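One structure is given here, and the rest of the page talks about it.
The values are calculated or read from the model by the stated rules, or taken from the named source; none is laboratory data. These figures come from a predicted structure and were not determined experimentally. Glycine also receives a Cβ, built like all others from the backbone with ideal geometry; neighbour counts cover every protein chain displayed. Just the protein is used for accessible areas: all its heavy atoms, side chains included, with ligands, DNA and RNA removed. Shrake-Rupley method; radii C 1.70, N 1.55, O 1.52, S 1.80 Å.
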2 protein chains.
Amino acid sequence: MKFANNSKKWLQYFPVFDWGRRYGRIELTGDLTAAGIVTIMLIPQSLAYALLAGLPAEVGIYASILPLVAYAIFGSSRALAVGPVAVVSLMTASALAPLGISNVADYIAAAGVLALLSGAMLLVMGALRLGVVANFLSHPVIAGFITASGLLIAVGQIKHLLGIAAHGHNLPEIIASLWRNLGDVNFATVMIGSLALITLAWVRKYLSQYLQNRHGLSTSVAATVARIGPVFAIIGTVVLSWGLDLPGWGVTVVGEVPTGLPPFGIPSIDWSLLPMLLGPAALISVIGYVESVSVAQTLAAKRKQRIDPNQELIALGASNLASGLSGGFPVTGGFSRSVVNFDAGAQTPAAGAFTAVGLLLAAVFLTPLLYFLPKATLAATIIVAVLSLVDFTILKTAWRYSKADFTAVATTILLTLIVGVELGVAAGVLISLVLFIWKTSRPHVAEVGQVPGSQHFRNIDRHLVLTDPRLVTLRIDESLYFANARRMEDLVLDRVYRDREHLQHVVLMCSAVNEIDLSALESLEAINQRLKDQGVKLHLSEVKGPVMDRLKCGDFLDQLTGRIFLSQYDAYTKLTDGADSE
Amino acid sequence: MKFANNSKKWLQYFPVFDWGRRYGRIELTGDLTAAGIVTIMLIPQSLAYALLAGLPAEVGIYASILPLVAYAIFGSSRALAVGPVAVVSLMTASALAPLGISNVADYIAAAGVLALLSGAMLLVMGALRLGVVANFLSHPVIAGFITASGLLIAVGQIKHLLGIAAHGHNLPEIIASLWRNLGDVNFATVMIGSLALITLAWVRKYLSQYLQNRHGLSTSVAATVARIGPVFAIIGTVVLSWGLDLPGWGVTVVGEVPTGLPPFGIPSIDWSLLPMLLGPAALISVIGYVESVSVAQTLAAKRKQRIDPNQELIALGASNLASGLSGGFPVTGGFSRSVVNFDAGAQTPAAGAFTAVGLLLAAVFLTPLLYFLPKATLAATIIVAVLSLVDFTILKTAWRYSKADFTAVATTILLTLIVGVELGVAAGVLISLVLFIWKTSRPHVAEVGQVPGSQHFRNIDRHLVLTDPRLVTLRIDESLYFANARRMEDLVLDRVYRDREHLQHVVLMCSAVNEIDLSALESLEAINQRLKDQGVKLHLSEVKGPVMDRLKCGDFLDQLTGRIFLSQYDAYTKLTDGADSE
């Protein structure tokens, strides 16, 4: 069965022509409102995530302009807002650290190249329709990775709140580094940082409720105001910082930020560094894609719309290319900004384009005002944002549900925290696959009998069923392939050895066998031969169409001592009534 | 279902106490006869495989003494004969080459260390009962690997037949190297080599038939004589070489071989080389084990005996430790020697111990006679032996049966020939696993209906079946797990969108679903929710016991809008008769 999705060839790569044709006043109003709100929200977020990636503040704004336009053209989600996000920014920092670049301009260029590489990879994956690759990141692994990254990011920002230096890309490194420099704590920084942190935490947790209860705002308006709360913290601390001359008290501020349009062109780096960026770029692509697609899918489902996963690869690829070409760094669809965009009434991706205009104006006119912005405020913004991602309940859920899922989550969390993001997520994916293969290599096999009064057959250990001493039916609960073929041979032969006297027929019930590969075919031939030596016939029942097609290619069916039955009921009645006397 | 195999604790690790207790005159006669014949056969083979591994001739004999005793104590096969074999010798040469050792004594020591490492790994695997690891080498990959290795070995021996130097560990390297040195061909060597090659090929192909027809020998006696044929070639060419003074004509001979007992002790190497040997040792362990176990299983089946795969790990581990400690190199159970042993009437592993005594006598008394033995004779022995391993029909079989199996074989063969044995086999295993995962990530889904007059349900595209417009039943032909969960979501929802008007129920028939992991559970919850939004109920049928147990751990069953039916027939009748009106 195949559900094809045919559209007009090249047009499918430009969803803009689809929604653009039906664009009207209602859409415009919704999109403009959403753009205004998202712009206000994005300014602090962009600055903060640039800081997290180890980049100057303006880079964060640049990364929120052209990428939005690119997404507006290529994206299939109506509400997704792209730009710098926490986890990808952390991965950017982690990717660039081993390059050992000390010069700021070179570091910015390297971040740009990372975005270009990631964009190119996403485009290639999109062209090859490899959206499925993201499926290999299991939900628990993603959940564990996001939780661990969130924690890592939050701990990594403590240095800005304390006004000390600290380095490291995993928990032990960061904590050791913080501990060593604890003597340099700057108390003015701690004061302003704590103020920002407390305000932001309060805003996030209570403002929406407060606005609804005290001022009668509607839930969605109140939630939107609460989400742009960080802007007030920024304005407040900038004013304090300027009024009290906090830089004079040792508080690190953003300082001089270049004014004007983002640069445009291919960033120039030492190209010998390129190979070191390939692995991280691939990981950033996949993680960014998974994060973005799940946000897009969640929002699309709410309005009963659908997104096209392969088109999303192309849209994110274009966004990252745009970011890399315009002085930015790797971007993806972010959760909070997309939700705000959605709640504020964005109707089409044009909202993103309008947001881009808003941020362009900010880049040109607003940056001088950021001189006095304490980095501690940005750190507080990040901490409050990422701590909401930290959710260790996935460990409990997975533990209750399955030890294999738990192992994958626990490994991902532990390695991400202790070694770093790249190894953490790679190990999570790998261990999930290894556990899956391990499980399929040790399949469940049930001996079945007839459920009385039905034509249905079930496990003799779990159900009260009818059996016949002349016949053993084994239901094999797995596709037969090289990793379990030999084991299957042993299981079947062991079962037969236990019960040799009366046995005349062995039926393998293949309802759960979705494939038989060449190794398994050889094992079946061996089973057939060994049973033949003992005067026992081998039969198969409920062999599926595709498996049957495959079996017809070899000569197993000619060698088979018994028969192939359409249904297990058929096999049971024919073999026990003595009808099978040929 | 579990088939436990309980025995007396530690005794199970020493099969010698099992068969030793019942040892009598019949066993002794059989074992002594077999030992005599195998000893004669092993002398040329041991010398030749030492040459193949790049080692002096006597090392091959040492590797055929203590390892046999170790296997006699620990082995579970009654007929397996261990010692140097072609593929493992090639892998030894390939493992030692990158170390760049020029001194012969150091090279011998490194080969010994490789045997020790491999022995230790096999013992650890045996203690952990990891015999299953071998199952991850699929039959086609093994077949492809053996064929490619055989070809590689044969081509690698051409230099000895031509009397020129050549190096390389893959086909392009060897051929280029032969080509460059073609000017140095020694005609006396070519003559003696061709003579040996033709004789051996004739012996292998026709001698058995000839002895049966002309001299009335029984099939098994004739076959045994044919198998020890290489001894005659050796004796013949030694006599020629001595009588015609071939070394004086530029023919390379074995030369001075140390006489006496094998050395005993841990070989001393530059221990910084150890890490480079770990990977190759692991590969040698697994390949050697797989080869040995399949020989042992084939022979055991003929006498309706069984072997214990985990005990075989211990026995081969002990054999390799014994080899490493007594001046040998990696060993494993060999096909031809085991068959000869079996055919000649070996009853117990004691035959191996007697063979060891025979070879010990050879090491002490026979080696001076080998001075004049041309290396070309040994090369001819190897070529004739390994060419029987080369069998490209596996490519055809695999192509006919399945493209996935074909891809795995073709990759293994190509990479083994072009790059080398280690990469070849590793790539074969990896690609088999990747293809398996890829297939399970794109499962077959069939829409099913009732086979008229039965309670059986089959694919509507393949069978004439009854359906009902109110109900769609999808049979999911794969375990549900992270790699296919999202795809399943899309397939089910796409199917429902196509047919919205009359649809009231969707049944997922889970007869082929052997597992539902946490990611798939979330997808099922999503499907349930999306169908609920459209007023369609979701039901499951034929959920297996272990899967049901798992589902009870989460709260999916509480959220489920529909029901769980024991059988699909149950679901169909209840849902279409309107009985399900709650």
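Only one residue in B:THR377, B:THR397, B:THR412 is polar (S, T, N, Q) and more than 14 Å from chain A (Cβ to nearest Cβ), so which one is that?
After applying the criteria, what remains is B:THR377.
Scan A:ALA427, A:ALA446, A:ALA404 and give me the residue that is among the small types (Gly, Ala, Ser) and touching a Ser or Thr at 6+ places or on another chain (Cβ under 7 Å).
Result: A:ALA427 is the single residue among A:ALA427, A:ALA446, A:ALA404 that is among the small types (Gly, Ala, Ser) and touching a Ser or Thr at 6+ places or on another chain (Cβ under 7 Å).
If only one of A:VAL465, A:VAL434 is open to solvent by 10 Å² or more (accessible area, probe 1.4 Å), more than 8 Å from every other protein chain (Cβ to nearest Cβ) and either within 41 Å of the chain's Cα centre (by Cα) or of a type in the set (Phe, Trp, Tyr) (or both), which one is it?
Answer to the check: A:VAL434.
Table: residues versus (1) more than 10 Å from every other protein chain (Cβ to nearest Cβ); (2) open to solvent by 30 Å² or more (accessible area, probe 1.4 Å); (3) among the β-branched types (Val, Ile, Thr); (4) closer than 25 Å to A:ASP405 by Cβ.
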| site | (1), (2), (3), (4) |
| --- | --- |
| B:ALA446 | no, no, no, no |
| B:SER454 | no, no, no, no |
| B:ILE460 | no, yes, yes, no |
| B:GLU478 | no, no, no, yes |
| B:PHE482 | no, no, no, yes |
| B:CYS510 | no, no, no, yes |
| B:ASP549 | no, yes, no, yes |
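If I ask for residues that are over 14 Å from the mean Cα position of the chain (by Cα) and within 14 Å of another protein chain (Cβ to nearest Cβ), which ones from segment A:124-175 would you list?
A:LEU128, A:ARG129, A:LEU130
Can you report the number of residues in segment B:517-535 which are outside any helix (DSSP H, G or I), open to solvent by 10 Å² or more (accessible area, probe 1.4 Å) and either in contact with a strand residue (DSSP E or B) (Cβ under 8 Å, 6 or more places away or on another chain) or more than 10 Å from chain A (Cβ to nearest Cβ) (or both)?
1
Could you pull out the residue among B:ASP490, B:ASP494 that is in a helix (DSSP H, G or I), modelled with pLDDT under 90, within 7 Å of chain A (Cβ to nearest Cβ) and surrounded by fewer than 19 Cβ atoms within 10 Å (Cβ to Cβ)?
On inspection, the qualifying residue turns out to be B:ASP494.
So B:SER441 passes all but one of these: (1) at the interface with chain A (Cβ under 7 Å from one of its Cβ atoms); (2) open to solvent by 20 Å² or more (accessible area, probe 1.4 Å); (3) at pLDDT below 90. Which condition number does it fail?
Single failed check for B:SER441: (2).
Tally the residues that are within 19 Å of B:ALA344 (Cβ to Cβ) and open to solvent by 90 Å² or more (accessible area, probe 1.4 Å), restricting the search to segment B:220-244.
Final tally of qualifying residues: 1.
Quick check: is even one residue across segment A:304-315 in a helix (DSSP H, G or I), of a type outside the set (Asp, Glu), out of contact with any Phe, Trp or Tyr (no Cβ under 8 Å at 6 or more places or on another chain) and under 21 Å from A:LEU28 (Cβ atoms)?
no
Filter segment A:439-455 for residues that are outside any helix (DSSP H, G or I) and touching a residue at least 40 places away in the same chain (Cβ under 8 Å); which is nearest to A:TYR569 (Cα to Cα)?
A:GLN455
Just to verify a result, which residue in segment A:459-468, among those that are out of contact with any Gly (no Cβ under 7 Å at 6 or more places or on another chain) and without any contact (Cβ under 8 Å) to a residue 60 or more places away in the chain, is farthest from A:LEU137 (Cα to Cα)?
For segment A:459-468, the residue satisfying everything is A:LEU464.
I'd like to check something: does segment A:322-329 contain any residue that is open to solvent by 20 Å² or more (accessible area, probe 1.4 Å) and at pLDDT below 90?
Checking segment A:322-329: not a single residue is open to solvent by 20 Å² or more (accessible area, probe 1.4 Å) and at pLDDT below 90.
Kindly indicate whether A:PHE365 is away from chain B (no Cβ under 14 Å) and touching a helix residue (DSSP H, G or I) at 6+ places or on another chain (Cβ under 7 Å).
Considered against the rule, which asks whether it is away from chain B (no Cβ under 14 Å) and touching a helix residue (DSSP H, G or I) at 6+ places or on another chain (Cβ under 7 Å), A:PHE365 comes out as no.
Tell me the residue from B:LEU503, B:LEU474 that is without any contact (Cβ under 8 Å) to a residue 60 or more places away in the chain, in a strand (DSSP E or B) and either more than 9 Å from chain A (Cβ to nearest Cβ) or open to solvent by less than 30 Å² (accessible area, probe 1.4 Å) (or both), please.
Every option except B:LEU474 fails the conditions.
Could you check how many residues of segment B:543-576 are in a loop (DSSP other than H, G, I, E, B), modelled with pLDDT under 90 and not hydrophobic (A, V, I, L, M, F, W, C)?
Selection size over segment B:543-576: 5.
Within segment A:189-206, can you find the residues that are crowded, with 19+ Cβ neighbours inside 10 Å and either on the phi > 0 side of the Ramachandran plot or not polar (S, T, N, Q) (or both)?
Hits for segment A:189-206 are A:ILE192, A:GLY193, A:ALA196, A:LEU197, A:LEU200, A:VAL203.
Residues that are in contact (Cβ under 8 Å) with a residue 24 or more places away in the chain: list the helices (runs of 4 or more DSSP H) wholly contained in segment B:176-230 that include at least 1 such residues.
Fully inside segment B:176-230 and qualifying: B:187-202, B:219-227.
Got a number for residues in segment B:44-54 being open to solvent by 10 Å² or more (accessible area, probe 1.4 Å) and under 20 Å from B:VAL364 (Cβ atoms)?
Final tally of qualifying residues: 1.
Sort through A:ARG337, A:ARG303 and tell me the only one that's crowded, with 17+ Cβ neighbours inside 10 Å and of a type in the set (Lys, Arg).
A:ARG337
Inside segment A:345-422, counting only helices (runs of 4 or more DSSP H) that do not spill past its ends, which hold 2 or more residues that are out of contact with any His (no Cβ under 6 Å at 6 or more places or on another chain), open to solvent by less than 10 Å² (accessible area, probe 1.4 Å) and under 30 Å from A:THR259 (Cβ atoms)?
A:350-361, A:375-387
When segment B:309-321 is examined, which residues are found to be open to solvent by 30 Å² or more (accessible area, probe 1.4 Å), closer than 19 Å to B:TRP19 by Cα and over 16 Å from the mean Cα position of the chain (by Cα)?
Listed by number, the list is empty, since nothing qualifies.
As an exercise: evaluate B:GLY75 against (1) surrounded by fewer than 24 Cβ atoms within 10 Å (Cβ to Cβ); (2) farther than 25 Å from B:PHE145 by Cα and give the number of the one condition it does not meet.
(1)
Got a number for residues in segment A:245-266 being open to solvent by less than 30 Å² (accessible area, probe 1.4 Å) and modelled with pLDDT of 85 or more?
So the answer is 3.
Within segment A:378-392, is even one residue within 30 Å of A:LEU52 (Cβ to Cβ), out of contact with any Phe, Trp or Tyr (no Cβ under 9 Å at 6 or more places or on another chain) and aromatic (Phe, Trp, Tyr)?
yes
In segment A:19-38, what residues are part of a helix (DSSP H, G or I) and either more than 24 Å from A:GLN347 (Cβ to Cβ) or open to solvent by 20 Å² or more (accessible area, probe 1.4 Å) (or both)?
Answer for segment A:19-38, where residues must be part of a helix (DSSP H, G or I) and either more than 24 Å from A:GLN347 (Cβ to Cβ) or open to solvent by 20 Å² or more (accessible area, probe 1.4 Å) (or both): A:TRP19, A:GLY20, A:ARG21, A:ARG25, A:ILE26, A:GLU27, A:LEU28, A:THR29, A:LEU32, A:THR33, A:GLY36, A:ILE37.
Any chance you could count how many residues in segment A:551-572 are surrounded by fewer than 21 Cβ atoms within 10 Å (Cβ to Cβ), among the hydroxyl-bearing types (Ser, Thr, Tyr) and away from chain B (no Cβ under 11 Å)?
Matching residues across segment A:551-572 total 1.
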